[in-house]
Amino acid sequence: MIPYQLTNGPTVIKDGVIHISLLDTAEYPNTNEYYLEYQEWCKAGGVPLPPLVDVDELKEKLRVDLSEHYKERMKIISSAYPPSERESWSVQTEEAKAMLLDSTVSTPWINAASDACGIDRLVLANRIVAKDTAYRSIHGHLTGVRQKIEDQIHEAGNDIVALQAIDIKNGWPDLSDL
């Protein structure tokens, strides 16, 4: 039986009950007999058990890390556009799709944008639809990966080994070419 177990702090636990400080500096040397015994045990090849893991904390950390990783991935596909332009995406796609079905439909956003940049309305409408289609495809893929990892966390239940095996950075598409 391994007599020592690490903690998430500057201590180690001996035999499940004795907390030993691992703080040892030149200014304040640790001369505690349990500390010195632990140091000798480690020098002789002893390896302490890893710290105990709180399942709920581990799940929450996985979810938070996953959410942050997803947000970073989403930034890659949207950061080229200022927020004010992204706010108009639904208007752009609605007008573009309507115009492609009926070229006489009113499209104030497309009219203004095509006049300002000197692009034919139909050309602009096709560009908007093509970009929207590409964005939706990538967005759907990223969301699917996020949901898959969320499912892994849920399916792992309280199995610490299964939870620790979840790699929230694995399975994402390469977005470096965007």
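The values are calculated or read from the model by the stated rules, or taken from the named source; none is laboratory data. Keep in mind it's a predicted model, so treat the numbers as computed, not measured. When we count neighbours, we look across all protein chains shown, and the Cβ atoms used for this are built from the backbone with ideal geometry, even at glycine. Surface accessibility is based on the protein's heavy atoms, side chains included, excluding ligands, DNA and RNA. Shrake-Rupley method; radii C 1.70, N 1.55, O 1.52, S 1.80 Å.
Numbers at a glance
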| read-out | value |
| --- | --- |
| Accessible surface of Glu68 - all protein chains present, 1.4 Å probe, nearest 10 Å² | 90 |
| Protein accessible area in the chain, 1.4 Å probe - carbon and sulfur % | 55 |
| Student exercise, the chain dipole from Lys, Arg, Asp, Glu Cβ charges, in Debye to nearest 20 | 660 |
| Cα gyration tensor shape for the range 19-142, rounded if a/c is under 1.5, else prolate or oblate | prolate |
| Tensor-based shape of the range 72-178 (alpha-carbon gyration tensor, a/c under 1.5 rounded, otherwise prolate or oblate) | prolate |
| Glu155 accessible area, 1.4 Å probe, all protein chains in place, Å² to nearest 10 | 140 |
| Relative contact order [Cα under 8 Å, 6+ residues apart], the chain, whole percent | 20 |
| By accessible area with a 1.4 Å probe, ligands and nucleic acids excluded, highest first: order of His139, His154 | His154, His139 |
| Value at 222 nm in deg cm²/dmol, rounded to 500, when DSSP H runs of n ≥ 4 in the chain each add -39,500 (n - 2.57) | -19000 deg cm²/dmol |
| Mean Cβ neighbour count within 10 Å, used as a protection proxy, ranking 5-16, 25-36 highest first | 5-16, 25-36 |
| Solvent exposure, largest accessible area first (probe 1.4 Å, DNA, RNA and ligands not counted), of Arg63, Arg73, Arg136 | Arg136, Arg63, Arg73 |
| Degrees between helix 108-117 axis and first principal axis of the chain (Cα, 0 to 90, nearest 10) | 90 |
| 13 Å beta-carbon shell around Gly171, net charge (K/R +1, D/E -1) | 0 |
